[in-house]
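To keep things clear, I will list the structure first and then write my remarks on it.
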Amino acid sequence: MGFDKSKAMRNAERYVAQGKIRAAIAEYRAVVDNDSRDITTLNMLGDLHAKSSENREAVECYLKVADHYNKQGFAQKAIAMFNKVSRLQPNSIEVLTKLAELHKGKGSLSEAKSHYATLAEQYEKNGRRIEALAMWKQIALLDPNNTEVCMSLADSYVRENQKEDAVEAF
């Protein structure tokens, strides 16, 4: 006899209603293992893992869902999933990068600039000045009329002895 997805979903929902999170996770995991295209259930599985403070497992689920939405061209849904990951891993370079790129692609420039700025600060904090410079350059490209950003970028290029880039930024 094959896997009965409907029965597993009913069981999972009943377990959630009863507060039996571990049992619900097991049922939802079985559904996802038997139907890898069931993105909605994968998202619910991630939510239950997050509720159980199993952040690594939750992030795994959310990243798969975000990747699926991103590949399908649903930027807003992908952003929502990456935001869930960001709440669990607030300093993740990969997630911040994805959020910046998605917002940029969607035309939400202020959101993109915010994420690029956070990335730049993370890189600077970790002593990765070249990567930080790349993020500041992204911000300058998004907002070329912001002289403060351009001046800061130029000063950073001077400190890194990248004279041609400094001239261009000035």
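Structural remarks
- Of everything listed in (1) more than 23 Å from the chain's Cα centre (by Cα); (2) open to solvent by less than 70 Å² (accessible area, probe 1.4 Å), the single unmet condition for K20 is (2).
- Residue within the stretch 63-78 that is within 25 Å of N11 (Cβ to Cβ), open to solvent by less than 20 Å² (accessible area, probe 1.4 Å) and either touching a strand residue (DSSP E or B) at 6+ places or on another chain (Cβ under 9 Å) or in a helix (DSSP H, G or I) (or both) present: yes
- Selection over the stretch 121-151 of residues that are of a type in the set (G, A, S), assigned to a helix (DSSP H, G or I) and either surrounded by fewer than 17 Cβ atoms within 10 Å (Cβ to Cβ) or at pLDDT 90 or above (or both) gives a count of 1.
- Residue check for R56: of a type in the set (K, R) and touching a residue at least 12 places away in the same chain (Cβ under 8 Å): no
- Note on the stretch 81-103: among residues that are free of Cβ contacts under 8 Å to residues at least 12 places away in the same chain and open to solvent by 30 Å² or more (accessible area, probe 1.4 Å), the one that is nearest to the chain's Cα centre (by Cα) is E94.
- For the stretch 44-58, a residue qualifies if it is within 18 Å of V31 (Cα to Cα) and either among the charged types (D, E, K, R) or within 11 Å of the chain's Cα centre (by Cα) (or both), and the qualifying residues are D47, E57.
- Subset of the stretch 27-83 (residues that are under 25 Å from A112 (Cα atoms) and of a type in the set (S, T, Y)): Y62, Y69
- Among residues of the stretch 80-109, those that are over 21 Å from L133 (Cβ atoms), assigned to a helix (DSSP H, G or I) and of a type in the set (G, A, S), counted: 3
- Flag for R56 being basic (K, R), surrounded by fewer than 16 Cβ atoms within 10 Å (Cβ to Cβ) and part of a helix (DSSP H, G or I): yes
The values are calculated or read from the model by the stated rules, or taken from the named source; none is laboratory data. If you're wondering where the values come from, they're calculated on a predicted model, not measured in any experiment. Methodologically, a virtual Cβ is constructed for each residue, glycine included, from the backbone with ideal geometry; neighbour enumeration extends over all protein chains shown. All accessible areas refer to the heavy atoms of the entire protein, side chains included, with ligands and DNA or RNA removed. Shrake-Rupley method; radii C 1.70, N 1.55, O 1.52, S 1.80 Å.
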